[in-house]
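What follows is a set of notes on a single structure, which appears directly below.
The values are calculated or read from the model by the stated rules, or taken from the named source; none is laboratory data. Since we're looking at a predicted model, the values are computed, not measured. Here the Cβ positions follow ideal geometry from the backbone for every residue, glycine too, while neighbour counts run over all protein chains shown.
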Amino acid sequence: MTHVAVPAGQHHLHRRRASPAPPAFSAPPHPPEGVGSALRLIDAISADVAEHGFSPGHDAEVRKVIDRFVPEGCLFVLSPNDRSGTLHSQMAQLHGSTGDKKWAQRAANVGPRSATYPRSFSWDQLSTTQRKYVVYGFVNHSNEFPTLPLFPLTLARLIDYLEWLPVFGCGGSGWDSIRKYAEAVRAWSHALGWGDPVQQDERGYHLWQTNFSTNFEVSRTRASITAVRPEQVLAVGTQFDTASAEGAYWLLCCSLMWFTAIRPGHLLPETNRDPRHLPTSATEKQRVAADKNTRNLITFDNMAVQSTAEGLILAVRLEASKTMRSNHHRSETYGAACICSGGSRQPLCPVHAYLHYRDHFAPRGLPTPQYLASKGPEAFHRRAPFIAAMRSALRAAISAGVPTEVADLLVAQIAAKSLRAGSGTEAAGDANISDVQLSVHMGHKQVGTTRQFYIQLPVAKRAALISKRLAQGVTA
């Protein structure tokens with residue numbers, strides 16, 4: 001379920017514009033050519049939203065335009081104030097006078113992505129919350145209410161941004177969801193030398209904040225991810241040719257995502273980009289993209305088959321998701337139990353699917369870390385071919401007795417996340433699986449105390465409990 005806060009009668013990309021088609025954007029004087037091009041293209045997207053309504057696809061289109069057209073290193077968009085005398089501005093001045101890169105890194109507070117505040121534009125280096133503010137600036141810019149450059153930021157514009165967020169798919173839990181976006185842009189403003197905009201009228205800001213949830217109705221809408229059913233998972237799994245490396249890996253992905261709810265990004269990179277194999281002439285943007293492509297991939301060192309009192313368990317250690325991470329807890333261990341019984345090998349058994357792929361097809365002699373997704377020195381098993389193979393397998397499995405148009409519609413709705421969504425759906429349907437167990441299975445944190453008590457349960461017992469439920473319908 002995705003939380004989307006939608007004020008009554010407001011469903012457009014431009015919250016404050018009530019006309020059928022929003023007026024054209026007008027850039028401030030002398031913007032870089034790329035910024036003007038981006039504004040014109042985004043204006044066309046906004047017109048389509050006004051005519052057909054907003055969808056997540058429009059958000060993705062806007063982001064692609066910004067990434068493609070706004071020049072790397074553009075100072076116009078952020079307009080840092082290097083003369084303010086603040087700590088980060090002092091560091092920026094020292095970089096200018098000494099040329100020492102360490103001062104540039106300190107000025108941008110370089111560190112974890114969520115704590116870095118770039119002083120020049122680079123889409124790849126922006127955090128999730130920073131990207132949202134950049135999107136706001138490009139989407140809402142006009143002569144009457146300019147939102148570019150993004151800084152300096154007035155308190156009135158900060159409030160406009162925070163009230164725009166629920167309309168644009170954020171803030172499903174009211175102020176609790178909006179708070180992180182507010183804090184991120186306030187910190188960014190201060191790091192760029194413009195100060196915290198809330199200090200312009202702190203009392204007024206808190207008065208506005210108290211009525212935020214009252215003015216925005218929170219509604220629940222189902223995310224546009226189709227959850228596969230157990231019979232569909234079994235149908236897909238039995239179609240793969242496990243005598244080939246690719247087929248064996250596709251089966252392993254299906255099994256792991258079904259039984260552990262692992263996110264696709266841990267198993268299926270988008271491209272073949274690997275920072276270990278980039279040429280020395282690679283640009284910084286190419287290096288950032290390659291690092292992003294492999295950052296969350298599982299390695300063979302993360303996997304272990306254990307013999308326990310609950311039977312064979314496949315343990316998978318992952319870095320904790322950002323919602324589950326704490327100062328003392330940086331990793332999560334997920335588990336899947338062997339579902340074979342009585343000497344009968346089940347095709348979707350996660351333990352044996354892993355052992356089959358590891359023992360017969362895992363590439364040898366590759367540089368460390370050895371990613372599970374590696375299929376050669378400079379190649380990965382990628383997400384797009386997996387989705388195509390999964391759809392093809394499902395199409396072949398349901399071909400008999402199903403009208404063509406129905407089968408085509410069903411197959412078109414399947415994505416890599418469909419397995420994870422189906423895993424959560426089925427686990428949630430078992431009364432014996434508590435909300436706490438379900439939240440850990442999905443890598444989500446609903447309340448800190450539930451997770452605090454739950455992690456005392458051994459991985460083997462948790463894996464056996466959930467795998468028993470998820471095995472129903474996928475065992476032949």
Name the single residue that is modelled with the lowest pLDDT among those in segment 157-186 being of a type in the set (Phe, Trp, Tyr) and either surrounded by 19 or more Cβ atoms within 10 Å (Cβ to Cβ) or out of contact with any Phe, Trp or Tyr (no Cβ under 8 Å at 6 or more places or on another chain) (or both). Phe168
Among the residues of segment 117-156 satisfying the criterion of being assigned to a helix (DSSP H, G or I) and of a type in the set (Phe, Trp, Tyr), which is nearest to Phe168 (Cα to Cα)? Tyr136
Search result, residues across segment 77-90 that are under 32 Å from the mean Cα position of the chain (by Cα), assigned to a loop (DSSP other than H, G, I, E, B) and on the phi < 0 side of the Ramachandran plot: Val77, Leu78, Pro80, Asn81
Of the residues Leu165, Leu153, Leu75, which single one is under 22 Å from Trp208 (Cβ atoms), touching a Ser or Thr at 6+ places or on another chain (Cβ under 7 Å) and not acidic (Asp, Glu)? Leu153
Test: Leu126 is touching a Gly at 6+ places or on another chain (Cβ under 9 Å) and of a type in the set (A, V, I, L, M): no
Please pick out the residue among Ala50, Ala44 that is in contact with a Lys or Arg (Cβ under 8 Å, 6 or more places away or on another chain), modelled with pLDDT of 70 or more, among the small types (Gly, Ala, Ser) and more than 24 Å from Val288 (Cβ to Cβ). Ala50
Given the criterion surrounded by fewer than 19 Cβ atoms within 10 Å (Cβ to Cβ) and assigned to a helix (DSSP H, G or I), identify the matching residue among Ser114, Ser189. Ser114
Restricting to segment 250-265, what's the tally of residues that are part of a helix (DSSP H, G or I) and surrounded by fewer than 24 Cβ atoms within 10 Å (Cβ to Cβ)? 2
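Taking the stated definitions as given, is Gln437 in contact with a Pro (Cβ under 8 Å, 6 or more places away or on another chain) and at pLDDT 75 or above?
no
Here's the yes/no breakdown for (1) assigned to a loop (DSSP other than H, G, I, E, B); (2) assigned by TED's automatic domain parsing to the domain that holds Thr128; (3) at pLDDT 90 or above; (4) surrounded by 17 or more Cβ atoms within 10 Å (Cβ to Cβ):
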residue	(1), (2), (3), (4)
Phe54	yes, yes, no, yes
Gly57	no, yes, no, no
Val65	no, yes, yes, yes
Leu75	yes, yes, no, no
Ala92	no, yes, yes, yes
Trp103	no, yes, yes, yes
State all residues of segment 415-435 that are over 18 Å from the mean Cα position of the chain (by Cα), crowded, with 19+ Cβ neighbours inside 10 Å and not small (Gly, Ala, Ser); if no residue qualifies, say none. Glu426, Ile433
Please identify the pairs in which a residue from segment 241-254 that is assigned by TED's automatic domain parsing to the domain that holds Arg358 has its Cβ atom under 8 Å from the Cβ atom of a residue that is outside any helix (DSSP H, G or I) and among the hydroxyl-bearing types (Ser, Thr, Tyr), counting only partners at least 6 apart or on another chain. Ala248/Thr242; Leu251/Thr242
Verdict on Arg16 being within 21 Å of Asp160 (Cα to Cα), in the same structural domain as Gly111 (by TED's automatic domain parsing) and modelled with pLDDT of 90 or more: no
Would you mind finding the one in Ala476, Ala431, Ala400, Ala460 that is modelled with pLDDT under 70 and not assigned by TED's automatic domain parsing to the domain that holds Cys338? Ala476
Across segment 211-246, which residue is surrounded by the most Cβ atoms within 10 Å (Cβ to Cβ) among those that are at pLDDT 85 or above, part of a helix (DSSP H, G or I) and of a type outside the set (A, V, I, L, M, F, W, C)? Gly237
Can you confirm whether Ile387 is touching a residue at least 40 places away in the same chain (Cβ under 8 Å) and of a type in the set (Val, Ile, Thr)? no
Contacts under 8 angstrom Cβ, first residue in segment 110-124 being over 21 Å from Arg63 (Cβ atoms), partner at pLDDT below 80, 6 or more apart: none
